[in-house]
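The values are calculated or read from the model by the stated rules, or taken from the named source; none is laboratory data. Please read all numbers here as calculations on a predicted model, not as lab measurements. Cβ coordinates were reconstructed from backbone atoms using ideal geometry, including for glycine residues, and neighbour counts include every protein chain displayed. Heads up: the accessible areas ignore ligands, DNA and RNA and are worked out on the full protein's heavy atoms, side chains in. Shrake-Rupley method; radii C 1.70, N 1.55, O 1.52, S 1.80 Å.
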There are 2 protein chains.
Amino acid sequence: MSKNLLVASTSTVYGSGYLEYLLPTLKDHFYQIKEVIFIPYARPGGVSYDDYTAIAQKAFQKINLTVVGLHTFSDPIQALENAQGIFTGGGNTFELVNQLYKTNVLPTLRQVLFNGTPYLGTSAGSNICGLTMQTSNDMPIVYPSSFKTLGLLPFNINPHYLDPIQGDTHMGETRETRIKEFHVYNHIPVIGLREGSWLEVKDEKIELKGELEARIFESTKEPYEVASGSILNF
Amino acid sequence: MSKNLLVASTSTVYGSGYLEYLLPTLKDHFYQIKEVIFIPYARPGGVSYDDYTAIAQKAFQKINLTVVGLHTFSDPIQALENAQGIFTGGGNTFELVNQLYKTNVLPTLRQVLFNGTPYLGTSAGSNICGLTMQTSNDMPIVYPSSFKTLGLLPFNINPHYLDPIQGDTHMGETRETRIKEFHVYNHIPVIGLREGSWLEVKDEKIELKGELEARIFESTKEPYEVASGSILNF
């Protein structure tokens, strides 16, 4: 067994339903299984775990998959060990990572994903596939015990990557400036994944999917673009 | 002696030079002194402490004030104790707070500001005046030993506050959504300070200055606007 991951920039593209653009891909990705365990810890907008799980359930039932929230298991570690598939939804990455540490599921999640359990991450759920959550866009609303994440990828993800807006009068930092600041203190490459892009990870092969290019930030180079279909290899 | 602070959303408004819009206010604020100690730890864009201090120096010399970087003192704690005035510039709040803890200057900075040393903060330098840095917009590029900040204000600041953009197709969270998520876990009020706004703090009186309204987020209410000239009182 080996890694089998989809690492998506966003759950939802503009003008479309939750996970809708990914459903054909998810059908293939999860074709051998009946049930996906959903990690709802990121709580977008502070939604409850039950309500968030219901949103995921509604999307997955279109491809005949059952979704069960990880929070409903009395032994979440065992639930992950037995999972047929796993999906971590977006929201606030600080709270997601905080809960992954608090509930002590992080080592098990890492182990089963290295061992081949098929996985989908969107946004915060993709951030945690990188080496650290230090290129998250989220607000630090809680203080997690570490910024280290799953290290399933040899780089970090910046989801919802946003190009500088021409003629913008706002003086806050652009996304590119923020990632460059990250590289003052860190040498981890960063993949700026635009909304609608995802990475397909089969063992050590990492391919950019979706229609858009991705922007790559390496600490010693100028940022550059890679086309859809590229294999990411540093 | 009592608190005497300017807490500004940004150093720079669009189409204007560094601190330019604030210079008349700064002239009054620092009228009794000759020298300001500059805390350059936030390093916007990863600029060096020396280069960042030179930028501050260039602005302050227009009002006949000398700027000295805190990093140039062999004993920064003593330097803060003896400071005539203090300015903390913007950049990355995580790195600013990280360095304030590492260099062990935070308790002294807090004490002298409570005791009346005139202070200017912009952006990250304003964030640290609140109870925590948990409503920063910045990327978590380093892991500070705590998110707790100076607590000079009975609330948190969200600098560079940005209204939702009409017709935006980007699916990342709006600033308002992020602050609402903060209130799922915290009850600290948050002041959304738009660029060009600042708070003038004289002892316990906190007044909104500049031309714009500010947006107030209390955990139990719908967000609301307050006009320039309002006294902030919770």
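Laid out as a table, the results:
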quantity	calculated
Count - residues of segment A:150-172 that are under 20 Å from A:ILE216 (Cα atoms) and hydroxyl-bearing (Ser, Thr, Tyr)	1
Test: B:THR25 is surrounded by 15 or more Cβ atoms within 10 Å (Cβ to Cβ) and more than 29 Å from A:TYR185 (Cβ to Cβ)	yes
Looking only at segment B:139-153, and only at residues there that are closer than 20 Å to A:TYR185 by Cα and more than 7 Å from chain A (Cβ to nearest Cβ), the one that is least open to solvent (accessible area, probe 1.4 Å)	B:PRO144
Any hit, segment B:99-118, residues being within 13 Å of another protein chain (Cβ to nearest Cβ) and either buried (at least 19 other Cβ atoms within 10 Å of the Cβ) or in contact with a strand residue (DSSP E or B) (Cβ under 8 Å, 6 or more places away or on another chain) (or both)	yes
Candidate set: segment B:1-13, residues that are within 12 Å of chain A (Cβ to nearest Cβ) and of a type outside the set (S, T, N, Q); chosen: the one surrounded by the fewest Cβ atoms within 10 Å (Cβ to Cβ)	B:VAL13
Filter result for A:ILE55 (aliphatic (A, V, I, L, M), open to solvent by 70 Å² or more (accessible area, probe 1.4 Å) and in a helix (DSSP H, G or I))	yes
The one condition in (1) more than 9 Å from chain A (Cβ to nearest Cβ); (2) within 30 Å of B:ASN115 (Cβ to Cβ); (3) of a type outside the set (A, V, I, L, M, F, W, C) that B:HIS160 fails to fulfil	(1)
Pairs where the first residue, in segment B:72-96, is within 13 Å of chain A (Cβ to nearest Cβ) and more than 11 Å from B:ASN127 (Cα to Cα) and the second is hydrophobic (A, V, I, L, M, F, W, C) and assigned to a loop (DSSP other than H, G, I, E, B), C-beta under 9 Å, 6+ apart	B:GLU95/B:ALA42; B:GLU95/B:ILE141; B:GLU95/B:VAL142
Filter pass, A:SER74 being at negative phi, at pLDDT below 95, among the polar types (S, T, N, Q) and open to solvent by 20 Å² or more (accessible area, probe 1.4 Å)	no
Test: residue in segment A:204-221 that is surrounded by 21 or more Cβ atoms within 10 Å (Cβ to Cβ), of a type outside the set (A, V, I, L, M) and within 13 Å of chain B (Cβ to nearest Cβ)	yes
Considering residues of segment A:119-138 that are within 14 Å of another protein chain (Cβ to nearest Cβ) and among the hydrophobic types (A, V, I, L, M, F, W, C) only, the residue nearest to A:THR12 (Cα to Cα)	A:ALA124
Options A:GLU200, A:GLU176; residue that is more than 13 Å from chain B (Cβ to nearest Cβ) and surrounded by fewer than 20 Cβ atoms within 10 Å (Cβ to Cβ)	A:GLU200
Single condition B:GLN84 does not satisfy, out of (1) assigned to a loop (DSSP other than H, G, I, E, B); (2) crowded, with 21+ Cβ neighbours inside 10 Å	(2)
Where B:SER16 falls short, out of the listed (1) within 14 Å of chain A (Cβ to nearest Cβ); (2) open to solvent by 50 Å² or more (accessible area, probe 1.4 Å)	(2)
A:PHE38 under 20 Å from A:LEU199 (Cα atoms), touching a residue at least 12 places away in the same chain (Cβ under 8 Å) and not in a helix (DSSP H, G or I)	yes
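Residues checked against (1) within 13 Å of chain A (Cβ to nearest Cβ); (2) crowded, with 20+ Cβ neighbours inside 10 Å; (3) in contact (Cβ under 8 Å) with a residue 24 or more places away in the chain:
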site	(1), (2), (3)
B:ASP168	yes, no, no
B:GLU181	yes, yes, no
B:VAL184	yes, no, no
B:GLU195	yes, yes, yes
